[in-house]
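Here's the structure, in structure tokens; my notes come after.
The values are calculated or read from the model by the stated rules, or taken from the named source; none is laboratory data. These numbers come from a predicted model, not from an experiment. So basically every Cβ, Gly included, is an ideal-geometry build from the backbone, and we count neighbours across all protein chains shown.
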Amino acid sequence: MAKKKKRASGRGGSPATGFRPGSRIEGDLDLSHSNIEELPRHFAVGGSLDLSDTAITRLPKDLEVGGSLNLSQSDIERLPENFHVPGNLVLLGTGISRLPRGLQVGGNLDLRASGIRELGKGLRVGGDLDLSGTMVERMPEGVRIGGNLFLVSSWLTRLPADLNLEGGLDLSGTPITNLPKKMKLKSWLNLVGTGIAKLPQRLVVGGWLDLRATPVEKLPGKIRVGGNLYLSGSRVDGLPKGLEVAGRIEN
């Protein structure tokens with residue numbers, strides 16, 4: 001049986017302020033496009049909470065959400081320290097500039113086209129982390145991501161030395177020029193249009209590797225690629241004897 005979904009009235013209707021401290025909603029709660037500006041203390045939603053396109057700027061430090069939390073296009077400015085979202089956390093198009101220490105997201109964390117500049121220490125994301133089109137220049141040490149990391153056309157210039165990814169990594173269109181020396185990826189790596197000219201000596205990529213439109217001229221002798229290797233538009237001239245490619249080499 002589908003969860004019961006409560007819907008608040010829109011901006012043109014009556015104010016969605018009928019919640020008291022300690023209120024608990026058993027199913028999903030949709031407050032999108034409403035005129036709500038804050039949630040009461042000790043507020044809990046058993047399912048997912050949708051606050052997209054609202055004027056809400058902060059969340060109660062003890063807010064409980066049992067599913068996903070959608071804050072896209074809202075006026076959110078900050079999140080509570082050590083905040084936990086079991087499902088997806090969507091901050092698409094918001095003006096939030098930094099994430100709190102100890103943020104944990106069980107699903108995907110979507111920060112595309114947001115004002116984010118700083119990721120808090122201890123960040124844990126069970127699914128994908130999408131920072132495409134953001135002004136993030138660096139990622140802190142200790143970040144753990146269970147899915148893919150998307151940094152397409154972001155301002156990123158540096159990755160943490162201990163980056164641990166279960167999925168793929170998309171750095172296309174970023175100004176980054178170097179990769180961590182001991183970098184190992186269990187899935188794919190997209191470097192299209194980056195400034196990376198030299199790859200780590202023992203780079204291991206579990207999936208495909210795309211080096212199109214990069215300044216890379218020479219591949220390391222002990223590089224391993226678990227999928228296809230794309231070289232068209234790159235400056236690579238000749239392949240090393242120790243190169244291991246499980247798929248096709250397209251140049």
Exercise for review: Give the residues of region 83-100 that are part of a loop (DSSP other than H, G, I, E, B) and in contact with a strand residue (DSSP E or B) (Cβ under 8 Å, 6 or more places away or on another chain), sorted by residue number.
Suggested key: Phe83, Pro86, Gly87, Asn88, Leu91, Leu92, Ser97, Leu99
Study note, to complete from the structure: Quick count over region 155-182, residues being polar (S, T, N, Q) and closer than 22 Å to Gln104 by Cβ, is 1
Revision key, fill the gap. Reported set for region 93-128 where residues are surrounded by fewer than 17 Cβ atoms within 10 Å (Cβ to Cβ) and closer than 16 Å to Leu51 by Cβ is Gly95
Review point. Among (1) surrounded by fewer than 17 Cβ atoms within 10 Å (Cβ to Cβ); (2) closer than 19 Å to Glu118 by Cα, where does Ala197 come up short?
Key: (2)
**Study point:** Filtered residue count, region 21-35, keeping only those that are surrounded by 21 or more Cβ atoms within 10 Å (Cβ to Cβ) and assigned to a loop (DSSP other than H, G, I, E, B)
**Key:** 2
Point to revise | Whichever residue in region 201-226 is aliphatic (A, V, I, L, M) and not in a loop (DSSP other than H, G, I, E, B) and, among such residues, is nearest to Val152 (Cα to Cα) | key: Leu209
**Study point:** Which listed residue is within 20 Å of Val143 (Cβ to Cβ) and at pLDDT below 95, from Glu166, Glu217
**Key:** Glu166
